[in-house]
Structures are given as C-alpha cells and as structure tokens.
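Presented below is the structure to which this report refers.
The values are calculated or read from the model by the stated rules, or taken from the named source; none is laboratory data. Here the structure is a predicted model, which means the values were calculated and not measured. No Cβ is skipped: glycine too gets one built from the backbone with ideal geometry, and neighbour counts run over all protein chains shown. Keep in mind that these areas ignore ligands, DNA and RNA; they rest on the heavy atoms of the full protein, side chains included. Shrake-Rupley method; radii C 1.70, N 1.55, O 1.52, S 1.80 Å.
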Amino acid sequence: MSSRQTDALTRLWPAYGIGIADLDGPVDPAGFFGRGAPVVLEIGSGMGDATAAMAAADPDRDYLAVEVHTPGIAHLLDLVQRHGLRNVRIAEGDALDLVRAMPPGCLDAVHVFFPDPWPKLRHHKRRIIQPAHVALLRSRLTGGGTLHCATDWAEYAGSMRSTLTADPELDDVYAGYAPRPDHRPVTKFERRALTAGRPVFDLIHKRRR
C-alpha cells in the first residue's frame, strides 16, 4: 500500500470500518449509518472507485461495501475522506456471513460487479452467484429491490443469467442482458477487459413486491 493508503486505513477504519468476524448477533445495516436511508450492499468493491462514485452521485442512499483486499479497503477509505462521503461504510470479511446476519427485506439493492469467475469447472462451487446464495441475497432485498450483477466472463454471464432467471421471486428487468447502466461507473478493471476484447454483461433483476 502507498503511505497515503496506510495512513487512511489507520485513521479512518475506526470511523468507517466494520470487521465482519467481530459482529455478534443480528445486524441492521441502517445502524452502521445512523439514519433510516435505503442501503445498497456492494459485494467485492475492489479498489472502491465505483463505490465512491456511485455514493457521491446518490447521497439519499447509503452504500455498504464489502471487500477482503486490504489495499482496496484503504483506497476506498481515502476516497471517502477526499470526497467528504458520509454515506459509505466498508466491511472486511465474508460478505455472505454479513448478509446472513441481516434481517429480511433490509436492502434496497445488492451490487455484485465483476466477481471472481472461478473459471475452472471444479471451482464453480466457489462462485458468489449460485442458487443458494442468490436466494439468500434476494431474501434481504425489500420488495422491488434490485440485484445487479456484471461480469466480463461470458461463460459466467450465462451461468448468472440462468441462476437469476430460475429464482422464483426475481423478475428480469430487461428479459436478458441489460444495456450498460449510466449509474455504474467504468472502472480500470472494466477498461482492461474491454481493451482485451472481452464484452461486459450486465444483469438486473428485481425482487417481486
């Protein structure tokens, strides 16, 4: 990490950070922010650039980012301070453990942008988008809440689409791959994928009311 990131992690983690392994009992995500605004869960926020940009453009909702990569957490903390973002918190650890601790219907949206595709067949069981995980995430969405996934891995995109479509309580907003939404910023990771000739697939589903 850069010295700036190290400093941000040291100073800002106590105010904005959440250790998932340290949580004890049920968790209301709104409690992390001290207000009753809708909450967006970002699973795998990477370096945090997209999360910070979306939070800055959407101040009426709170963004709870989950990441395990320490430099990414530190970079997002630095962005939070630089841009004066009051609606971002960062959780470190297993996102599914955090979601299991949440009550049903507490999230306005869940974003899963460019998760590890685990391309080898024997590793597919590690993918975040699989039936049991989708059912868990959907159960935490409010009625009309959105589950938005994006990937640059074509095979995984097909698997995601099949899994999301099969969930009995999710409706496919675009009846297939969604047009790239303006609210999802283009990250360095996505630019590299496009430069390498890999198309990006967005999938947007809503929980039935």
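Being touching a helix residue (DSSP H, G or I) at 6+ places or on another chain (Cβ under 9 Å) and assigned to a loop (DSSP other than H, G, I, E, B), is that true of even one residue in the stretch 17-33?
Yes - at least one qualifying residue is present in the stretch 17-33.
Would you check if Thr142 is among the β-branched types (Val, Ile, Thr), open to solvent by 20 Å² or more (accessible area, probe 1.4 Å) and in a strand (DSSP E or B)?
Judged against the criteria, Thr142 is a match.
Going through the stretch 18-29 one residue at a time, which ones are in contact with a strand residue (DSSP E or B) (Cβ under 7 Å, 6 or more places away or on another chain) and either hydroxyl-bearing (Ser, Thr, Tyr) or surrounded by 17 or more Cβ atoms within 10 Å (Cβ to Cβ) (or both)?
The answer is Ile18, Ile20, Pro29.
Could you go through the stretch 34-46 and let me know if any residue there is part of a helix (DSSP H, G or I), open to solvent by 50 Å² or more (accessible area, probe 1.4 Å) and touching a residue at least 60 places away in the same chain (Cβ under 8 Å).
no
Residues of the stretch 1-16 being part of a helix (DSSP H, G or I), among the small types (Gly, Ala, Ser) and open to solvent by less than 70 Å² (accessible area, probe 1.4 Å), which ones?
Ala8, Ala15, listed by residue number.
Of the residues that sit in the stretch 148-184 and are assigned to a strand (DSSP E or B) and either within 22 Å of Leu136 (Cα to Cα) or of a type in the set (Lys, Arg) (or both), which one is most open to solvent (accessible area, probe 1.4 Å)? Break it down stepwise before answering.
Going through the stretch 148-184, the residues assigned to a strand (DSSP E or B) turn out to be 148-151, 170-172, 178.
From the residues that got through so far, the ones that are either within 22 Å of Leu136 (Cα to Cα) or of a type in the set (Lys, Arg) (or both) too are 148-151, 170-172.
Details: His148: 3, Cys149: 1, Ala150: 0, Thr151: 2, Leu170: 8, Asp171: 65, Asp172: 44 Å².
Per the stated criteria, the residue is Asp171.
Test of understanding: among His123, His75, which residue is out of contact with any strand residue (DSSP E or B) (no Cβ under 7 Å at 6 or more places or on another chain), free of Cβ contacts under 8 Å to residues at least 60 places away in the same chain and part of a helix (DSSP H, G or I)?
His123
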